[in-house]
1. Provide the solvent-accessible area of Lys23, counting protein heavy atoms only and rolling a 1.4 Å probe, rounded to the nearest 10 Å².
2. Binning at 5 Å from 0, report for region 125-194 what percent of all alpha-carbon pair distances ends up in each bin.
3. Please report the Cα spread of region 189-346 along all three principal axes, rounded to whole Å, starting with the longest.
4. In debye to the nearest 20, how big a dipole does the chain give about its Cα centre with +1 on each Lys and Arg Cβ and -1 on each Asp and Glu Cβ?
5. From the backbone phi of region 430-446, what are the Karplus-calculated ³J(HN,Hα) couplings (6.51 cos²θ - 1.76 cosθ + 1.60, θ = phi - 60°) in whole Hz, Gly and Pro given as x?
6. I'd like the distance separating the alpha-carbon centroids of region 355-406 and region 270-334, in whole Å.
7. Report the normalised scattering of region 91-138 as log10 I(q)/I(0) at q = 0.27 Å⁻¹, calculated by the Debye formula with identical scatterers on the alpha carbons.
8. Sort 338-349, 475-486 by packing, meaning the average of other beta carbons within 10 Å per residue, with the highest value first.
Amino acid sequence: MTKREEIIETGWNLESSYASLPKTFFTHLNPNPVQSPTLIILNEPVAKSLGLNMNVLQSEAGIKVLSGNETPEGVLPLAQAYAGHQFGYFNRLGDGRAMLIGEQITPQGEQVDIQLKGSGRTPYSRGGDGRAALGPMLREYIISEAMHALGIPTTRSLAVVTTGESIIRETELPGAILTRIASSHLRVGTFEYAAQFGTVDELKALANYAIKRHYPDVKEDDNRYLNLFKEVIKRQASLLAKWQLVGFIHGVMNTDNMTISGETIDYGPCAFMDAYDPATVFSSIDTKGRYAYGNQPSIAGWNLARFAETLLPLFDENQEKAVEMAQDAISNFGKLFHIHWFTGMRAKLGLFNEEKEDESLIGDLLEIMKKYRTDYTNTFLALTFDNRKDTKLFNSEEFAQWNEKWQARRGRQEESKSMSHQLMRNSNPAVIPRNHRVEEALEAAVKEGDYSVMMRLLEVLSNPYAHSPEQVNYSTLPTSTSPYRTFCGT
Ligand code: AMP
Ligand code: MG
């Protein structure tokens, strides 16, 4: 089939712009065939937005592509090289269990990475087997789609196939491959790799590529590289605020897991916070709480400082001047984050305008939520619907006092009470992917081959601000009180 015929028949319209970068940034790969690929789930809205033909994707030929057994016409898959600070320590990394098929040109003219995760060993696999288990790939599918529905920039999931092969972890598990969609897979760690192991020209080529793909507006600027950095700061500030506002805990904010595009990437040990507590950590390997909920914004700032270090040679010939420029830019991150977060918090409380006391109004609420360990999502829901169940928080004197201030504050804005209520409905999700619900769905899928629990969960999560009756069931807390633990999806 020629490329033209391929586009018409299957919808695959792939480019390989990444392969135009210097060779140091990738290694071409042959597909690593798997035994008997079976399609488990296919994301119709994503397939459509990519211009792909659903019937073809579900056919044997389509599944061959989704499992890495065959590559569409005209592209050579590749594994990307990158590095990263993992828990603060620099390591040479790379796609150890993923390959980039190419970049799909969508009917809207967008360029979107198509990556297979779990597709086998690569030159960057180090000691790993290059494979992934079904549970973690479905988990990434569920949570990334939930994040998208919550309005949070994220990589997305097109499909999961099982490989028909077992992989060995603590036990034998079914192997699977996730097709991940991203506006690119450029990471802070890609720049760290360039700065550490490449030449300045190679670094420049990478920065120009990032500008072309994500920030074309800075291309003609006097200091385009500094402006690239400033743009990434803006996107990350907005992203981090969105995470904090819904209680999302990424779990492994290493610099290789931070994108240049500003999308959330790498759903390993992530989870949503239940009881409000800035010290919340779910990941079993995060023993010191480096990536705890309350630390996420400052860790993002730390990661951006590592990004700035890689760009210093491009900011200015005079390195002292370059450092000053970087510091000046990065000092803005905290301010930008706070503006986004504060605006979002005010919306969660139904406030349109801004008053001086709003900071303390929000701070006081969070403090009593922490004191009484109330569920983060459900507290805001209860405030939205004025449906305060008999909880310690709502019965407390502190809450009564706070509520009086809040009601008075809501009265001091032009917008009506019903507009304020509407703002709260749109700012406080009815559902998040609750840990016990996700586990329940994965257990049915992996242990019993029953995907119906997951499909129902995906359905409720697909419109988190609908506040529909069936969502009520999904907002209940787990009966078990033992702390939830997550593991890296390896
Ligand atoms: P992650 O924890 O998924 O961000 O991965 C960190 C690094 O480990 C990346 O370079 C991955 O490609 C690599 N990696 C994770 N799992 C595997 C695996 N099963 N085989 C090979 N490399 C892996
Ligand atoms: Mg990663």
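The values are calculated or read from the model by the stated rules, or taken from the named source; none is laboratory data. Bear in mind that the values here come from a model prediction, so they are computed numbers and not experimental data. Because the Cβ atoms are built from the backbone with ideal geometry, glycine has one as well, and the counts that use them run over all protein chains shown. To get the accessible areas, we keep the full protein, side chains included, count just its heavy atoms, and leave off ligands, DNA and RNA. Shrake-Rupley method; radii C 1.70, N 1.55, O 1.52, S 1.80 Å.
1. Result for Lys23: roughly 150 Å² accessible.
2. 4, 15, 18, 19, 19, 15, 9, 1
3. The Cα atoms of region 189-346 stretch 49, 35, 29 Å along their principal axes.
4. Magnitude of the dipole: close to 520 debye.
5. For region 430-446, the Karplus curve yields 6, 9, 10, x, 5, 3, 5, 6, 5, 4, 4, 5, 5, 5, 4, 5, 7 Hz.
6. 30
7. For the requested q values the scattering log ratios are -0.93.
8. The most tightly packed comes first, giving 338-349, 475-486.
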